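A.B. asks: The structure that follows is given in the form of C-alpha cells.
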Amino acid sequence: MSDAGEILIRAAAAADVQPIHAMIVELATYEQSADQVTGTAQQLAEALFGARPSAEALIAQDGDAVAGFALFYTSFSTWECRPGIWLEDLFVRPQHRRAGVGGRLLCELARVTIDRGYPRLEWNALDWNELALEFYANLGAVRIPEWDLHRLDGDALRDVAGA
C-alpha cells in the first residue's frame, strides 16, 4: 500500500469499468446489501461511456492497482437554479484506507464541482457508518438531519406510474 501522496486521482476510462463494478459489489457487501446489486459491468459501461453518459467516475490509482473510486452525476437545485454534483458512491478498498485516499478523491471531486461553476456537492451516508460520518464531518460536511431520503422502485414505482 502506498501513502496518499503516491496515489494518482484521475478520470475513469473505459478500461476501469470492471474494477469499478467489482468495487461497487465490495461496497454493497460492506453495506450488507450485496444481494441488491443487479447492475452489470456492461450497464455501467453504458452509463459512464455510452452515447448518453449519465454518470462519471474518478479513480484512485496506486501503481497498477485501483485503490478506490468516486462515482457522481450532475444534480440540480431549484432554489439556486443551478446544477451541482451528487456523489453516488465513494469507496476505498480496505488495504488503502487510512492513507488519505478518500480525502484525495473528495478533494478532486470538490475541484470538479468548483471548476464547473457549481455551488454544491452532496451525498448520503448510512446512519450506522460512523467511520464515514466522522470522515465527512472532519472535512467540514454538514449533515442535514431534517431531510429524509425517499425512494420509489419495483412494484411501488410501477404502481405510481400506472404501468
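The values are calculated or read from the model by the stated rules, or taken from the named source; none is laboratory data. The shown structure was predicted, so the numbers you read here are calculated from the model rather than taken from an experiment. Note that we place each Cβ from the backbone using ideal geometry, even for glycine, and neighbour counts take in every protein chain shown.
For (1) hydrophobic (A, V, I, L, M, F, W, C); (2) on the phi > 0 side of the Ramachandran plot; (3) surrounded by 12 or more Cβ atoms within 10 Å (Cβ to Cβ), each residue gets a yes or a no:
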residue	(1), (2), (3)
Ile9	yes, no, yes
Ala15	yes, no, no
Gln18	no, no, yes
Met23	yes, no, yes
Thr29	no, no, yes
Asp35	no, no, no
Thr40	no, no, no
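A.B. asks: Further, regarding this structure: Condition first: outside any helix (DSSP H, G or I) and farther than 23 Å from Ala12 by Cβ. Now tell me which residues in the range 85-140 satisfy that.
C.D. replies: Within the range 85-140, Arg98, Pro119, Leu126, Asp127, Trp128, Asn129, Gly140 qualify.
A.B. asks: Please go through (1) in contact with a helix residue (DSSP H, G or I) (Cβ under 9 Å, 6 or more places away or on another chain); (2) over 29 Å from Gly117 (Cα atoms); (3) outside any loop (DSSP other than H, G, I, E, B) for Ala67 and return the number of the only condition it doesn't satisfy.
C.D. replies: (2)
A.B. asks: Checking the condition at pLDDT below 95 and either more than 17 Å from the chain's Cα centre (by Cα) or among the small types (Gly, Ala, Ser) (or both), which residue from Ala163, Ala55, Ala70, Ala60 passes?
C.D. replies: Ala163
A.B. asks: Taking Gly102 and the conditions (1) in contact with a helix residue (DSSP H, G or I) (Cβ under 9 Å, 6 or more places away or on another chain); (2) of a type outside the set (Ser, Thr, Tyr); (3) in contact (Cβ under 8 Å) with a residue 60 or more places away in the chain, which numbered condition does it fall short on, given that it satisfies the others?
C.D. replies: Condition (3) is where Gly102 drops out.
A.B. asks: Looking at (1) surrounded by 10 or more Cβ atoms within 10 Å (Cβ to Cβ); (2) over 26 Å from Val25 (Cα atoms), can you tell me which one Glu130 breaks?
C.D. replies: Condition (2) is where Glu130 drops out.
A.B. asks: Just to be sure I understand, how many residues within the range 138-162 are surrounded by 10 or more Cβ atoms within 10 Å (Cβ to Cβ) and closer than 24 Å to Ala28 by Cβ?
C.D. replies: Number of matching residues: 7.
A.B. asks: Please identify the pairs in which a residue from the range 146-157 that is under 24 Å from Glu122 (Cα atoms) has its Cβ atom under 8 Å from the Cβ atom of a residue that is surrounded by 10 or more Cβ atoms within 10 Å (Cβ to Cβ), counting only partners at least 6 apart or on another chain.
C.D. replies: So the pair list comes out as Leu149/Asn124.
A.B. asks: Let me ask something else. Test of understanding: among Arg143, Arg52, which residue is in a loop (DSSP other than H, G, I, E, B) and within 19 Å of Ala13 (Cβ to Cβ)?
C.D. replies: Exactly one residue qualifies, and that residue is Arg52.
A.B. asks: A further question follows. List pairs: first in the range 28-45 and closer than 20 Å to Val17 by Cα, second among the charged types (D, E, K, R), Cβ under 9 Å, 6+ apart or cross-chain?
C.D. replies: Ala28/Asp35; Ala34/Glu26
A.B. asks: Could you grab me the full set of residues in the range 108-127 that are surrounded by 13 or more Cβ atoms within 10 Å (Cβ to Cβ) and aliphatic (A, V, I, L, M)?
C.D. replies: The answer is Leu109, Ala110, Val112, Leu121, Ala125.
A.B. asks: Next up: Evaluate the range 18-29: report whether one residue or more is within 17 Å of the chain's Cα centre (by Cα), at pLDDT 95 or above and over 15 Å from Val92 (Cα atoms).
C.D. replies: So far as the range 18-29 goes, yes, one or more of its residues are within 17 Å of the chain's Cα centre (by Cα), at pLDDT 95 or above and over 15 Å from Val92 (Cα atoms).
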